[in-house]
1. Less than 30 Å apart at the alpha-carbon level, and either on another chain or at least 8 residues along: which lysines does that give for Lys329?
2. Can you list the GluC sites (Glu not before Pro) in the stretch 166-254 that are in a DSSP coil and have 13 or fewer other beta carbons within 10 angstrom?
3. Pulled fully out, how much extra length does the chain show between Lys8 and Lys125, if you take 0.36 nm times their separation in residues and subtract their Cα-Cα distance?
4. In the full protein assembly as shown, how much of Lys39 is accessible to a 1.4 Å probe, in Å² to the nearest 10?
5. So if each residue of separation counts as 0.36 nm, and I subtract the Cα-Cα distance between Asn278 and Lys140, what length gain in nm does that give?
6. What number comes out for the charge environment of Asp42, summing +1 per Lys or Arg and -1 per Asp or Glu over other residues with Cβ under 13 Å away?
7. Where does the charge balance sit around Ile126 when Lys and Arg score +1, Asp and Glu -1, over other residues with C-beta under 11 Å from its C-beta?
8. With a point put 7 Å past each Cα toward its Cβ, work out how far Lys105 is from Ile352 in nm, to one decimal.
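The values are calculated or read from the model by the stated rules, or taken from the named source; none is laboratory data. From a predicted model like this one, the values you see are computed outputs, not experimental measurements. With ideal geometry, Cβ positions are generated from the backbone for all residues, glycine too; neighbour counts draw on all protein chains shown. Ligands, DNA and RNA are excluded from the accessible area calculation, which covers all protein heavy atoms including side chains. Shrake-Rupley method; radii C 1.70, N 1.55, O 1.52, S 1.80 Å.
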Amino acid sequence: MENLSSQKKEFKNILKKRGMMSYEMGKEISDSWSRCIAKGLDPFKDPKQSVVSSIQLKEIKEKNEALRKIVLPELELLYSQIAGTNFMIAYSDENGLVLDTMYDKTCLNTDVGKTVIPGSIWTEKICGTNGLGLSVELKKPTIVSGKEHFFTAHENISCFASPIINHEGKTIGIIDASTDYMSREQHTLALVKLATRSIETKLFIKKFENELILSFHPRQEYLSTTSVGLLAVNGDGVIVGANSNAKVMLNGLVYLKNEDFNKIFTNSFSSIATDILNNKILKITDHLGSSVFLVKSQIFKENKFVDTDKQNKIYPCKNCEDTKIKREKCILIRSTFSETNNISAASRKLGISRTTIYKHLQ
């Protein structure tokens, strides 16, 4: 109890010295400050810089190489969107270790430009309250602006950070933008969040590229945006993956992974499968009575069943091109589907599962 009282007293002393009032900050910021005080950090001293070795950085980058290939183009786009004076973009791993950065020339010569470098660690316990570190701590988008930073050395900037969340709900990285503390607060955070959602969508598509991916949203005009719910469905109508948007929109129904499509929606999967493969937008209802518009994901790779330039000849899928037996079996399956234009009908005709048919339609 005495220790807690001491921390509260220290909190008030810091506020007084910096000419601040407690009501000027939200609970998330004040809680972060309390944790910093408990860790023994002194806001009036320069924060200690923690940087891993070049060998360690190389190893961590290699470990995250697949993700970085998706992240870096998004960083470049974000950089061009924020464009201004004295700003920087950073991508860190889930532990707050910075892997990649982009700066404008002005920022490069500032203390931030010199300290937020690849290999530097920006966790709260090291660098105090900051956007990147707070996003690591809370696993949610954050803004830390001006004097909300625990260290006075950081009080001239605003930090906007958002976590990258994978299909399992785990934080796998952070995108952070830092600008002059007078600049575009909500606008900048919106752009950072948009970048992380785009990354999450691309990761989901990559993870489930061999399944049927469905986009859905209560409003039809949002089906081509990053706000859609995404479901990965196998040939038996079982949901094998769902993005964070899907989990929010279908909250209260079931845990989505490995759940039968028919237990979530009143429309049976078999009854709508053909319309979905033909790119029709459907309006369906879940078992709680909410309606959504659903369509095959526009990013989902198009199936090439018929080559009109080669007299409608059916070709095997890429996974079956290596041997003659595989090619012939695949062509038979794809031809049968082309004739029936119905997954269930082709399944019955060939005596094989719908899952098998789906795999050959990719």
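1. Counting by Cα, and skipping residues close in sequence, Lys329 has these lysines nearby: Lys206, Lys207, Lys280, Lys296, Lys301, Lys304, Lys310, Lys313, Lys318, Lys349, Lys359.
2. Here the GluC sites (Glu not before Pro) that fit, given the DSSP loop and packing criteria, are Glu168, Glu209.
3. 40.3 nm
4. 140
5. 45.9 nm
6. +3
7. +2
8. 6.2
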